[in-house]
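Below is one structure; the comments refer to it alone.
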Amino acid sequence: MTTEEWQARVELAALYRLVALHGWDDMIFTHLSARVPGPEHHFLINPYGWLFGEITASSLVKVDPEGRAVDPTPHRVNPAGFTIHSAVHAAREDAMFVLHLHTDAGVAVSTHEEGLLPLTQHALIVLPSLAYHDYEGIALHLDERQRIVRDLGGCHVMLLRNHGTLALGATAGAAFLNLFMLERACAQQVMALSAGRGGVRLAPQAARDEVRAQMAGPMAAMASMLAWPGLLRRVQRESPGFDA
């Protein structure tokens with residue numbers, strides 16, 4: 001195993017543990033993945049049946065673009081996870097990490113006809129790079145991949161209608177920060193609308209334009225670089241053993 005692959009394994013295992021620590025996991029039914037550096041287009045994903053808090057670097061399954069395990073393993077891979085993650089990894093060179101969740105808030109906002117509203121600062125950060133994909137059922141049909149890729153376009157976060165959230169990034173820190181902002185924006189929207197739509201104030205257009213311009217600069221990349229070391233320290237402190 002190359003040093004680069006082991007580093008990807010450790011960071012992906014850390015992401016699984018972080019999702020569990022945030023209470024965002026859905027037992028065994030969602031998935032995060034990381035591309036293995038190299039020309040083979042392999043990627044790593046969780047062994048189907050393991051809880052997120054149990055994932056370790058060495059337990060991750062490496063699969064090829066056809067979904068076959070590259071190394072001998074007793075573990076299987078979630079078929080829907082392969083459909084979604086193989087689509088994004090194949091289409092986007094910047095998608096080194098792809099994260100997909102079924103949180104209550106994310107699923108709730110994915111059902112809103114208006115989608116994510118410009119209600120909060122978190123939402124304004126997310127909206128310029130937010131895409132939507134209509135629900136087609138559990139993602140077991142490989143032909144859905146082309147529509148996922150089409151709908152994602154050049155965005156970094158997506159609401160899968162009636163389903164959940166998705167985020168990607170060129171680094172583990174960038175992917176997690178994209179996911180965190182989307183999840184936080186969804187939770188804030190659910191809280192804001194809990195008493196109804198009336199009287200809820202949308203952010204002014206000038207503020208939306210300003211945040212869009214700000215996020216087009218180096219701010220987002222800098223934020224993920226600053227946040228990731230602290231997130232790793234939290235995992236090491238509260239969920240040790242991920243790097244085994």
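When the range 56-85 is filtered for residues that are buried (at least 17 other Cβ atoms within 10 Å of the Cβ) and more than 20 Å from Gln7 (Cα to Cα), the ones remaining, listed by number, are Val77, Asn78, Ala80, Gly81, Phe82, Thr83, Ile84.
Across the range 2-48, the number of residues qualifying as on the phi > 0 side of the Ramachandran plot and at pLDDT below 95 comes to 2.
For the range 42-55, what are the residues that are farther than 27 Å from Val107 by Cα and surrounded by fewer than 14 Cβ atoms within 10 Å (Cβ to Cβ)?
Of the range 42-55, the ones farther than 27 Å from Val107 by Cα are 42.
Correct list: empty.
Taking the range 150-180 as the range and being assigned to a loop (DSSP other than H, G, I, E, B), surrounded by 20 or more Cβ atoms within 10 Å (Cβ to Cβ) and more than 10 Å from the chain's Cα centre (by Cα) as the test, only His163 passes. Of all the numbered requirements in (1) without any contact (Cβ under 8 Å) to a residue 60 or more places away in the chain; (2) surrounded by fewer than 16 Cβ atoms within 10 Å (Cβ to Cβ); (3) closer than 23 Å to Asn178 by Cα; (4) more than 16 Å from the chain's Cα centre (by Cα), Val36 misses one, and that requirement is (2).
Candidates are the residues of the range 232-244 that are under 21 Å from Leu177 (Cα atoms) and of a type in the set (A, V, I, L, M); the one that is surrounded by the fewest Cβ atoms within 10 Å (Cβ to Cβ) is Leu232.
Being of a type in the set (Val, Ile, Thr), surrounded by fewer than 19 Cβ atoms within 10 Å (Cβ to Cβ), assigned to a helix (DSSP H, G or I) and under 18 Å from the mean Cα position of the chain (by Cα): is that true of Val190 here?
Numbers: of a type in the set (Val, Ile, Thr): yes; surrounded by fewer than 19 Cβ atoms within 10 Å (Cβ to Cβ): yes; assigned to a helix (DSSP H, G or I): yes; under 18 Å from the mean Cα position of the chain (by Cα): no.
When the stated conditions are applied, Val190 does not pass them.
Condition check ((1) surrounded by 11 or more Cβ atoms within 10 Å (Cβ to Cβ); (2) farther than 19 Å from Leu124 by Cα; (3) touching a residue at least 60 places away in the same chain (Cβ under 8 Å)) across all residues:
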site	(1), (2), (3)
Gln205	no, no, no
Arg208	yes, no, yes
Met222	no, no, no
Gly230	no, yes, no
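Listed here are the residues, each with its yes/no results for (1) out of contact with any helix residue (DSSP H, G or I) (no Cβ under 6 Å at 6 or more places or on another chain); (2) surrounded by 18 or more Cβ atoms within 10 Å (Cβ to Cβ); (3) at negative phi.
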{"site": "Ala90", "(1), (2), (3)": "yes, no, yes"}
{"site": "Ala95", "(1), (2), (3)": "no, yes, yes"}
{"site": "Val98", "(1), (2), (3)": "no, yes, yes"}
{"site": "Glu114", "(1), (2), (3)": "yes, no, yes"}
{"site": "Ser129", "(1), (2), (3)": "yes, yes, yes"}
{"site": "His133", "(1), (2), (3)": "no, yes, yes"}
{"site": "Gly137", "(1), (2), (3)": "yes, no, no"}
{"site": "Ile148", "(1), (2), (3)": "no, yes, yes"}
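Restricting attention to the range 59-83 and to residues that are touching a residue at least 24 places away in the same chain (Cβ under 8 Å) and of a type in the set (D, E, K, R), the residue that is nearest to Ala8 (Cα to Cα) turns out to be Lys62.
Take the conditions part of a helix (DSSP H, G or I), in contact with a helix residue (DSSP H, G or I) (Cβ under 9 Å, 6 or more places away or on another chain), β-branched (Val, Ile, Thr) and surrounded by 12 or more Cβ atoms within 10 Å (Cβ to Cβ) and apply them to Val200. Does it pass? Answer is no for this residue.
The values are calculated or read from the model by the stated rules, or taken from the named source; none is laboratory data. Bear in mind the structure is a predicted one, so any value in this text is a computation, not a measurement. Cβ atoms come from the backbone with ideal geometry, glycine included; neighbour counts cover every protein chain shown.
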